[in-house]
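Below: the structure, in structure tokens.
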Amino acid sequence: MLDQTSMAPADISLEDSNNLLASLPDELRRHLYYTLGIHDKESDPTYYYRALATAVRDRLVPYWRETRERFRESDQRRVHYFSLEFLLGRSLNNAVQNLDLDEASREALHRYGVTLEEVAEEEPDAGLGNGGLGRLAACFLDSCANLQLPVAGYGIRYEFGMFHQSIEAGRQVEAPDHWLRDGNFWEIERPEHTRTIKMYGHTERCMDENGTPYSRWVGTHDLLAVPYDMPIPGYKNDTVNTLRLWKAEATDVFDLEEFNSGNYPDAVVQKNNADQISMVLYPNDASENGKELRLKQQYFLVSASLQDVLAKWVEQYGDDFSDFGRLNCFQLNDTHPACAVPELMRLLMDEHKVDWDTAWQITTRCMAYTNHTLLPEALERWSVALFSRLLPRLLEIIFEINERFLSQVAKKHPGDTELRRRVSLVEEGDQPHIRMAYLCIVGSFSVNGVAHLHTELLKSGLFSDFYHIWPEKFNNKTNGVTQRRWLSHCNPGLRDLLNETIGTEWDSEMEQMKKLIPLAEDPAFRKRWAEVKQENKRRLADYVLENTGVEFNEAAMFDVQVKRIHEYKRQLLNVLHVIHLYDRICRGETKDMVSRCVLIGGKAAPGYHVAKLIVKLINNVASVINADPKTKDLLRLVFFPNYRVSSMEIICPGTELSEQISTAGKEASGTGNMKFMMNGAITIGTLDGANIEIRDQAGAENFFLFGLDAKGVEVAKQKYDPNAIIAADTDIQRVMEMLEGGMFNEQEPGIFDLLTTGLRNPHDQWLTIADLRSYINAQVEASKTYLDSEKWNRMSILNAANSGWFSSDRTIQQYADEIWGAKPLQDS
Ligand SMILES: *Cc1c(COP(=O)(O)O)cnc(C)c1O
């Protein structure tokens, strides 16, 4: 019972709540003793991690609550970022940095004889994503909080994130990533906001009391979505945004018949299948996975999140939705959350009694779609048969959307049945499918690509029919990355040098990096720049030794390609160049050769046979090269296992040459390329994705360009003859002979035939052999430049200096201004 003396938690002011906390050392001690029950003298660094994480999280809570209040009270548009992936990595250092608790944390830990670095190492990566798309979502949340924008992330709390990769006998071996095993010290469970999700069942047409027909979705199997909130701290600005992750659970409603007929355990077990939905992240990057469980995950995320937003709306505004579209925006990270379009229609019509036209007006006013790829194998299509079984009500709505859309098209282009067939949301055939990208385009007011070239290719190719119908919907938002994680945190040496020379504002105003431009001409500054790089190379070399047993020569050029293993990213092209260098060494042709340490890392999707074979090839080539005494001090190749966010934090500061060598027209943007650029690596790359903009920003003279451009690729495909190219080029011929002669698979004959026949195939989509000569030449140019270290360092500085455009702060400012119409909510 409440009486006058009892106090609701909401009565605690920001100031009071901070006063409730003791000093950080005392809080650390309190959590070790009370929260964790650690009373021994000797204890594992993991306990210090848990205690410090909990203490730091506590310090976020008052700002978190205050930010939520500010959002509730404002009449600004709120944005909900829907993504099946958030590749967050670690949170401790990020929170410590953003709350300015670095000094305090170090001091608090000092009395236990542990460092912040040791403690931070104890945190498992939150690997709830595959690669670029998931990491982009994480960088975006960071920038939204930095810019104090009212943006909430919505995702799934996978029990198992991206698999752990190890290498056995050169092959990738996957192990589950049980990142939650020791608890997640950042999240707060919010069971009071649990939502119910329907699946299966069937629909019924009914009449309401006014004689208006409506649909009911009945006989469903229901499950629960329980939210867990992760804090997203802004950078030294008192804002803490929210990432809400849903966990699937069984409802406690049982089949009473089964329950009472003595099958109690069976009934319980059946119910528990519900939690499968949030069990595991699908490990496919840039390829579709047509499994039923995947569609369940997608619908689960979308339904729970939309219900959440609608419930908050109703709490505040009642059943009046006239302003809903103006005050809400949903950004769909690829087509994975495409069900948001029909689900919002369903919730508005079936649960809130809004008529079709009004519901459609609202939906198309608040949905915005980001496309991430042009690869046909990545375009999601779900069979009508699966849809009608799993989500029958949604299918009805999709059909109705399609009918109305097609009749609109028919009105504008009467007689053009071919056009109607092309743009239909339903791909006809003996197994009709729903085209999820088309559903997103029709249901959204904005469709964006993620780099200039990518958006142009969307407009002229994949979505050209839609571009002609709605040119105003299409826009570009070139990706970015957060400089707070990808420079300030991961490269403390460079951070200190920047702070000392160009001031400290670059951490939230990345264009300040331009102040470095004149310093590129200063020999004393170049020397300090090179010293920082050398220290980062030392750190990377230690890390490589620890993880692979291979020693890197710290005087060598560090040449790095880390990203998902995929044919279009052409790790094979890189390997062919390394084999060519080895061939030169074997032939004693080492004049002007620059010593190189080549690092390749990345995960292959477990079902992607060719990608896994490429991993095996890299490892086999590495074994031969590293064991040959002739290569000593000249060439090393390693495959770095289990590439993830926390390893990129050590790899990118130590890299000198950034390999961005995809077949032109295939990489939508890339973001790894931007992280390397910020850290002073020079790119060797094709005119693909954001590489083009990197080259524009850095200046063509500060970029090693090679290969066909996107148009050239289309032309070359018409008459591609890789065998003729090989026969006409003795260097390439020798590389192929080494590969095909079994030099790298003496004990395993024939295992790489699939790769070599692919290279020689005139239909090879990736045109690897077409670009090899130009690639080798660009590598010679890179080597020559490296020998002139003054020139190299100058180029390195100019790359970092011109990387401001690639801050995700810039990207998010453009989303806010040009798509969302969202304004920052400053604390009053
Ligand atoms: C940045 C990043 C990526 C994306 O790399 P691309 O080179 O753009 O494909 C993938 N994985 C991790 C762990 C990253 O940090």
task = Please verify whether the range 787-806 includes one or more residues that are crowded, with 20+ Cβ neighbours inside 10 Å, polar (S, T, N, Q), more than 25 Å from Leu133 (Cβ to Cβ) and out of contact with any helix residue (DSSP H, G or I) (no Cβ under 6 Å at 6 or more places or on another chain).
result = yes
key: Residue match in the range 110-118 (condition: touching a residue at least 60 places away in the same chain (Cβ under 8 Å) and closer than 30 Å to Ala822 by Cα)   = no
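Can you find a residue in the range 117-128 that is closer than 19 Å to Tyr369 by Cβ, over 13 Å from the mean Cα position of the chain (by Cα) and not basic (Lys, Arg)? Break it down into steps so the answer makes sense when it comes.
Here is the first cut: in the range 117-128, the ones closer than 19 Å to Tyr369 by Cβ are none.
Taking every residue of the range 117-128 in turn, none turns out to be closer than 19 Å to Tyr369 by Cβ, over 13 Å from the mean Cα position of the chain (by Cα) and not basic (Lys, Arg).
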query = Give me the pairs: first residue in the range 433-457 and over 17 Å from Leu379 (Cα atoms), second residue of a type in the set (Gly, Ala, Ser) and in a strand (DSSP E or B), beta-carbon distance under 8 Å, and six or more apart or on different chains, which are they?
reply = Ser444/Ala368; Phe445/Ala368; Ser446/Ala368; Glu456/Gly449
request  = Name every residue in the range 587-605 that is among the small types (Gly, Ala, Ser) and more than 16 Å from the ligand (Cβ to nearest atom), in order of residue number.
outcome  = Gly588, Ser595
Meets criteria (touching a strand residue (DSSP E or B) at 6+ places or on another chain (Cβ under 7 Å), in a helix (DSSP H, G or I) and surrounded by 14 or more Cβ atoms within 10 Å (Cβ to Cβ)) for Lys515 = no
task = Tell me, please, whether a residue that is at negative phi, in contact with a Lys or Arg (Cβ under 6 Å, 6 or more places away or on another chain) and not acidic (Asp, Glu) can be found in the range 504-515.
result = no
request  = Write out, first by first residue and then by second, each pair whose Cβ atoms fall under 9 Å of each other, whose residues are 6+ apart or on separate chains, and whose first residue, in the range 123-147, is of a type in the set (Ser, Thr, Tyr) while the second is within 12 Å of the ligand (Cβ to nearest atom).
outcome  = Ser143/Gly480; Ser143/Thr482; Ser143/Ser808
query = Only one of (1) surrounded by fewer than 20 Cβ atoms within 10 Å (Cβ to Cβ); (2) away from the ligand (no atom under 16 Å from the Cβ); (3) closer than 23 Å to Gln660 by Cα fails for Glu551. Which number is that?
reply = (3)
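From the list Val302, Val268, Val309, which one is of a type in the set (Val, Ile, Thr), more than 19 Å from Tyr81 (Cα to Cα) and part of a helix (DSSP H, G or I)?
Values: Val302 fails: more than 19 Å from Tyr81 (Cα to Cα); Val309 fails: more than 19 Å from Tyr81 (Cα to Cα).
Just a single option satisfies the conditions, and that option is Val268.
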inquiry  = For the list (1) outside any strand (DSSP E or B); (2) within 25 Å of Glu351 (Cβ to Cβ); (3) at pLDDT 95 or above; (4) not aliphatic (A, V, I, L, M), I need the number of the one condition that Tyr282 fails.
reply    = (2)
task = Hey, could you check the range 184-241 for residues that are aromatic (Phe, Trp, Tyr) and on the phi < 0 side of the Ramachandran plot and say which is surrounded by the fewest Cβ atoms within 10 Å (Cβ to Cβ)?
result = Tyr214
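If you check Ala95, Ala126, Ala137, which single one turns out to be under 30 Å from Ser669 (Cα atoms) and in contact with a helix residue (DSSP H, G or I) (Cβ under 8 Å, 6 or more places away or on another chain)? It would help to see each step written out before you state the result.
Numbers: Ala126 fails: in contact with a helix residue (DSSP H, G or I) (Cβ under 8 Å, 6 or more places away or on another chain); Ala137 fails: in contact with a helix residue (DSSP H, G or I) (Cβ under 8 Å, 6 or more places away or on another chain).
When all the criteria are applied, what remains is Ala95.
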request  = Assess whether Ser803 counts as being closer than 23 Å to Asn491 by Cα, modelled with pLDDT of 95 or more and among the hydroxyl-bearing types (Ser, Thr, Tyr).
outcome  = yes
task = Would you check if there is a residue in the range 736-745 being assigned to a helix (DSSP H, G or I), farther than 17 Å from Val578 by Cβ, in contact (Cβ under 8 Å) with a residue 12 or more places away in the chain and not polar (S, T, N, Q)?
result = no
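Quick grid of which residues meet (1) surrounded by fewer than 20 Cβ atoms within 10 Å (Cβ to Cβ); (2) touching a Ser or Thr at 6+ places or on another chain (Cβ under 7 Å):
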| site | (1), (2) |
| --- | --- |
| Asn761 | yes, no |
| Asp764 | yes, no |
| Leu772 | no, no |
| Val780 | yes, no |
| Ser808 | no, yes |
| Glu818 | yes, no |
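With the condition kept exactly as written, say whether any residue in the range 758-770 is acidic (Asp, Glu) and at pLDDT below 95. Lay out the reasoning, then the answer.
Within the range 758-770, the subset acidic (Asp, Glu) is 764.
Then drop every residue that is not at pLDDT below 95, which leaves none.
Among the residues of the range 758-770, not one is acidic (Asp, Glu) and at pLDDT below 95, which makes the answer no.
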message = Looking only at the range 222-237, how many residues end up being over 10 Å from Trp64 (Cβ atoms), of a type outside the set (A, V, I, L, M) and in contact (Cβ under 8 Å) with a residue 60 or more places away in the chain?
response = 6
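Are any residues in the range 556-575 in a helix (DSSP H, G or I) and away from the ligand (no atom under 13 Å from the Cβ), and if so, which ones?
Of the range 556-575, the ones in a helix (DSSP H, G or I) are 567-569, 571-575.
Once the filter is applied, which keeps residues that are in a helix (DSSP H, G or I) and away from the ligand (no atom under 13 Å from the Cβ), the range 556-575 yields Glu567, Leu572, Leu573, Val575.
Do any strands (runs of 3 or more DSSP E) lying entirely in the range 161-229 carry at least 2 residues that are closer than 24 Å to Gly129 by Cβ, in contact with a strand residue (DSSP E or B) (Cβ under 8 Å, 6 or more places away or on another chain) and modelled with pLDDT of 95 or more, and which ones are they? Walk me through how you get there before you give the answer.
Details: elements: 164-168, 171-175, 195-199, 202-207, 213-218.
Correct list: 164-168, 171-175, 195-199.
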key: Subset of the range 106-128 (residues that are out of contact with any Pro (no Cβ under 6 Å at 6 or more places or on another chain) and over 16 Å from Thr46 (Cβ atoms))   = Arg106, Glu107, His110, Arg111, Ala126, Gly127, Leu128
inquiry  = Kindly evaluate Gln331 against the criterion of being farther than 22 Å from Ser83 by Cβ and of a type outside the set (Lys, Arg).
reply    = no
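For the range 313-374, which helices (runs of 4 or more DSSP H) that fit wholly inside it have 1 or more residues that are touching a Gly at 6+ places or on another chain (Cβ under 6 Å)?
Values: elements: 324-327, 340-346, 356-366.
Correct list: 340-346, 356-366.
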remark   = Over the range 102-146, the set of residues part of a loop (DSSP other than H, G, I, E, B), away from the ligand (no atom under 12 Å from the Cβ) and buried (at least 23 other Cβ atoms within 10 Å of the Cβ) is Glu123
task = Could you check, for the range 453-467, whether at least one of its residues is at pLDDT 95 or above, in contact with a strand residue (DSSP E or B) (Cβ under 9 Å, 6 or more places away or on another chain) and acidic (Asp, Glu)?
result = yes
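Of the residues Glu288, Glu292, which is within 21 Å of Tyr608 (Cβ to Cβ) and crowded, with 16+ Cβ neighbours inside 10 Å? Write out each step before concluding.
Values: Glu292 fails: crowded, with 16+ Cβ neighbours inside 10 Å.
On inspection, the qualifying residue turns out to be Glu288.
Before we move on, is Val218 of a type in the set (A, V, I, L, M, F, W, C) and over 27 Å from the mean Cα position of the chain (by Cα)?
Working: of a type in the set (A, V, I, L, M, F, W, C): yes; over 27 Å from the mean Cα position of the chain (by Cα): yes.
Judged against the criteria, Val218 is a match.
In the range 69-97, how many are modelled with pLDDT of 95 or more and away from the ligand (no atom under 16 Å from the Cβ)? Talk me through it step by step, then tell me what you get.
Going through the range 69-97, the residues modelled with pLDDT of 95 or more turn out to be 77-97.
After this cut, where a residue has to be away from the ligand (no atom under 16 Å from the Cβ) as well, the list is 77-82, 92, 95-97.
Within the range 69-97, residues that are modelled with pLDDT of 95 or more and away from the ligand (no atom under 16 Å from the Cβ) number 10.
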Condition met for Val309 (among the aliphatic types (A, V, I, L, M), farther than 16 Å from Arg381 by Cα and over 21 Å from the mean Cα position of the chain (by Cα)) = yes
request  = Within the range 479-491, identify whether any single residue is assigned to a helix (DSSP H, G or I), of a type in the set (Lys, Arg), at pLDDT 95 or above and away from the ligand (no atom under 16 Å from the Cβ), and answer yes or no.
outcome  = no
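The values are calculated or read from the model by the stated rules, or taken from the named source; none is laboratory data. A quick note: this is a predicted structure, and the numbers were derived from the prediction, not measured. No Cβ is skipped: glycine too gets one built from the backbone with ideal geometry, and neighbour counts run over all protein chains shown.
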